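So the structure is just underneath, and the comments pick up after that.
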Amino acid sequence: MPMLSNVVLASGNPGKLREFSALFQPLGVKLIAQGTLGIPDAPEPHPTFVENALAKARHASALSGLPALADDSGICVAALGGEPGIHSARYAQAEAGEKSDEANNRKLIATLAGLRDRRACYVAVLVLVARPDDPLPVIAQATWDGVIVDAPRGEHGFGYDPYFYLPAEGLCAAQLDPVRKNTISHRAMALQELLAQLRNRGLIA
């Protein structure tokens with residue numbers, strides 16, 4: 001396979017596009033949001049992050065004819081048995097009918113009311129396929145540990161970032177400078193692993 005140049009990002013999330021583009025652009029790789037190519041979101045029926053990420057990558061590659069990068073990420077809260085987990089992006093949708101960061105955060109804080117254990121981790125699984133039937137997809141995974149706080153802090157980031165407190169930083173994820181976040185987040189760590197694998201295969205410089 002030749003070195004990567006144009007890659008479809010199998011996501012419609014503008015926050016993810018910004019973060020990934022900032023990390024891929026210096027490598028000469030252009031990320032193209034699937035929505036700009038008219039590609040709809042793929043179904044995510046699987047019980048694990050890795051299976052859903054692989055399904056999304058294959059879907060985007062099949063409809064674009066290009067290599068595709070997908071991630072499946074979310075937040076796993078210890079006291080909730082790992083929930084919201086794979087349901088993180090639509091955690092509140094079944095009850096409130098609303099798919100939004102605000103609704104998801106409201107539900108999470110309400111569910112944790114009265115619970116002392118606030119440990120949580122962000123999870124990111126990245127999958128890159130050269131083609132839809134790629135027999136050797138590149139898969140990388142990382143976690144980012146923190147605790148859930150009751151009141152939001154910060155204006156950066158997205159998702160659960162305003163409530164995800166990082167003891168080592170003394171800040172919530174939404175308070176981090178974006179450059180700092182792109183260095184230490186779950187997605188950044190998974191991406192570094194992904195890039196190492198891509199270099200080993202000669203797909204990036």
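The residue pairs whose first member lies in segment 9-23 and is touching a residue at least 60 places away in the same chain (Cβ under 8 Å) and crowded, with 18+ Cβ neighbours inside 10 Å, whose second member is of a type in the set (Lys, Arg) and part of a helix (DSSP H, G or I), and whose beta carbons are closer than 6 Å, counting only pairs six or more residues apart or on different chains, are Ala10/Lys56. Checking the structure you have, find out if any residue of segment 178-191 is surrounded by fewer than 19 Cβ atoms within 10 Å (Cβ to Cβ), outside any helix (DSSP H, G or I) and out of contact with any helix residue (DSSP H, G or I) (no Cβ under 7 Å at 6 or more places or on another chain). Scanning segment 178-191, I find no residue that is surrounded by fewer than 19 Cβ atoms within 10 Å (Cβ to Cβ), outside any helix (DSSP H, G or I) and out of contact with any helix residue (DSSP H, G or I) (no Cβ under 7 Å at 6 or more places or on another chain), so the answer is no.
For segment 134-174, filtering for residues that are surrounded by fewer than 22 Cβ atoms within 10 Å (Cβ to Cβ), among the acidic types (Asp, Glu) and either in a strand (DSSP E or B) or without any contact (Cβ under 8 Å) to a residue 60 or more places away in the chain (or both) leaves 4. Pairs linking a residue in segment 63-84 that is under 23 Å from Asn6 (Cα atoms) to a residue that is among the small types (Gly, Ala, Ser) and in a strand (DSSP E or B), with Cβ atoms under 6 Å and 6 or more positions apart or on different chains, are Asp71/Ala124; Ser73/Ala124. For segment 72-112, the set of residues classified as of a type in the set (D, E, K, R) and in contact with a helix residue (DSSP H, G or I) (Cβ under 6 Å, 6 or more places away or on another chain) consists of Asp72, Lys99, listed by residue number.
Every number here is computed from the coordinates shown, using simple stated rules; none is lab data. A quick note: this is a predicted structure, and the numbers were derived from the prediction, not measured. All Cβ positions, glycine included, derive from the backbone under ideal geometry; neighbour counts span all protein chains shown.
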